[in-house]
1. If you check every pair at least six apart or on different chains, which have Cβ atoms under 6 Å apart with a residue in the range 298-321 that is over 19 Å from Met34 (Cα atoms) and at pLDDT 90 or above first and a residue that is of a type in the set (A, V, I, L, M, F, W, C) and open to solvent by 50 Å² or more (accessible area, probe 1.4 Å) second?
2. Taking Pro249, is it touching a residue at least 12 places away in the same chain (Cβ under 8 Å) and open to solvent by less than 30 Å² (accessible area, probe 1.4 Å)?
3. Name the residues in the range 325-367 that are modelled with pLDDT of 90 or more and closer than 20 Å to Ser36 by Cα, would you?
4. Return the total of residues in the range 99-122 being under 18 Å from the mean Cα position of the chain (by Cα) and open to solvent by less than 10 Å² (accessible area, probe 1.4 Å).
5. Considering only the range 25-41, state which residues are on the phi > 0 side of the Ramachandran plot and either modelled with pLDDT of 95 or more or among the charged types (D, E, K, R) (or both).
6. In the range 123-135, how many are part of a loop (DSSP other than H, G, I, E, B), open to solvent by 10 Å² or more (accessible area, probe 1.4 Å) and of a type in the set (A, V, I, L, M, F, W, C)?
7. Restricting to the range 136-180, name every residue that is basic (Lys, Arg), assigned to a loop (DSSP other than H, G, I, E, B) and open to solvent by 80 Å² or more (accessible area, probe 1.4 Å).
8. Kindly indicate which of Glu398, Glu394 is of a type in the set (Asp, Glu), open to solvent by less than 70 Å² (accessible area, probe 1.4 Å) and at pLDDT 95 or above.
Amino acid sequence: MLDLLIIGAGLTGLTAALRAVEAGLRVKVIAKGMGSLYWATGAIDVLGYLGVEERAVASPWERMAELDAGHPYQILGEARVRNAIDWFQERIEPSGLGYRSVDTRNLLTPSPAGAWRPTYLTPAGQRAGAATDDRPMVVVGFQGMRDFFPHLVARNLSAQGQVVRAALLPWSVLSEQRDRNNAQLAECVDDIHTQQRLVDALKLVVKPGERVGLPAILGRDAHAQALAHLQQGLKADVFEIPTLPPSAPGIRLATALRHALEQRGVRVEIGMEAIGFHAEDGVIQWVETETSARPLRHRAHAFLLATGGVLGGGFNSNPAGRFWETVFDLPLTVPQDRRQWFRPLFLDARGQPAFHGGVAVNAALQPVDATGDAVYANLWAAGALLAHADPILERSLEGVAIASGVTAAEAICSRDAATIQAG
């Protein structure tokens, strides 16, 4: 029998699984899909914006105390958030992706639209694009490439004071096949011959003293080698600019975490949609997933819900005004009145109430009801489904995922061993 079943294979679920298996628990991860990392930038945002302020937060740690009292960071406390981020950075180091922070401050790097986006842990492939670097840059795209527009990126960066220009290379530098998305193009760049063609083509475009911005397709499995090859061949700093999904940097991070889990014997089972559960006397006995024949029951001593919020599919709603959590039907802080889910302006600076609500938890990250009592004795929750935060608006999605995932795993591990064994 499992010690811990984690429902959700995004950054939260994978991080929590790694922390729990390190502590000696028998862990399995099940999920409906691959998780949101495949759509993310690959960077780790801790806190980029606060309230309705337009200026990015310079240091997450200096502003964290200003968040609402119910925010996950306030529940966890700064020390636990810091420890979780430090733990993550150490564990991801063997992947070669080179995640680093700049002291205790956010780093501004270009977004897919050419805005400066604040991030805390930046992979090596994105750091040379920092706004603090006053060297000129050339943003290079490929003719006919979907979802990356170098002239738009350059124009918007230029409007913010960056010395930048745009250039285009032929598609054939990357592939002879036209129908390729970003993840497939990254696989093409894993090939050493493609890397050399790219170096040769860029030499005709890059001017001395320029740093080179490319769409984030510089290898999927051989990213570090591809980045080094380009920088050595051009004798210039090269950086990736995140593209619209699918995201090669996000896929690299997800792959690194899954490999780390596989090495420790943890199974990550995709295509397992949780459709029901059974509890007795306030203790969950099993969760069942849909199969082609009959539902499959997964038994464990403890359960961690990491299915994400509205955008991750962890919540659902209907036109009648019901808003619910999809696995355990946990109480939500979202109003059960559809007229209160959204503000009149789609891009309201305060965000939308539907994205700010979620599962309320106690200090141990166990879901609680309106009276503050734990709903189930052996259930924890973490990640974007937690209440009183809007991680996308705040640019805190990855920070909340890592900090709450690690903390929840540690809370489960610290329970009395006899309680775990008794179930």
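The values are calculated or read from the model by the stated rules, or taken from the named source; none is laboratory data. Since the structure is predicted, the reported quantities are computational estimates derived from the model, not experimental observations. Cβ sites come from the backbone with ideal geometry, for glycine too, and all protein chains shown count toward neighbours. These area figures cover heavy atoms from the full protein model, side chains too; ligands, DNA and RNA do not enter into them. Shrake-Rupley method; radii C 1.70, N 1.55, O 1.52, S 1.80 Å.
1. Arg299/Met1
2. On the way: touching a residue at least 12 places away in the same chain (Cβ under 8 Å): yes; open to solvent by less than 30 Å² (accessible area, probe 1.4 Å): yes.
Here the answer is yes, as Pro249 does meet what is asked.
3. Listed by number, the residues that qualify are Glu325, Thr326, Val327, Gly358, Val359.
4. Within the range 99-122, the first condition is being under 18 Å from the mean Cα position of the chain (by Cα), and the residues that meet it are 99-101, 106-112, 117-122.
Filter again for open to solvent by less than 10 Å² (accessible area, probe 1.4 Å), leaving 99, 109-110, 118-119, 121-122.
Residues meeting the conditions: 7.
5. Filtering the range 25-41 down to residues on the phi > 0 side of the Ramachandran plot leaves 35.
Those that are on the phi > 0 side of the Ramachandran plot and either modelled with pLDDT of 95 or more or among the charged types (D, E, K, R) (or both): none in the range 25-41.
6. So the answer is 2.
7. Keep residues of the range 136-180 that are basic (Lys, Arg), which gives 146, 155, 165, 178, 180.
Now drop any that are not assigned to a loop (DSSP other than H, G, I, E, B), which leaves 146, 178, 180.
The answer is Arg146, Arg178.
8. On the way: Glu394 fails: at pLDDT 95 or above.
Being of a type in the set (Asp, Glu), open to solvent by less than 70 Å² (accessible area, probe 1.4 Å) and at pLDDT 95 or above holds for just one of Glu398, Glu394, which is Glu398.
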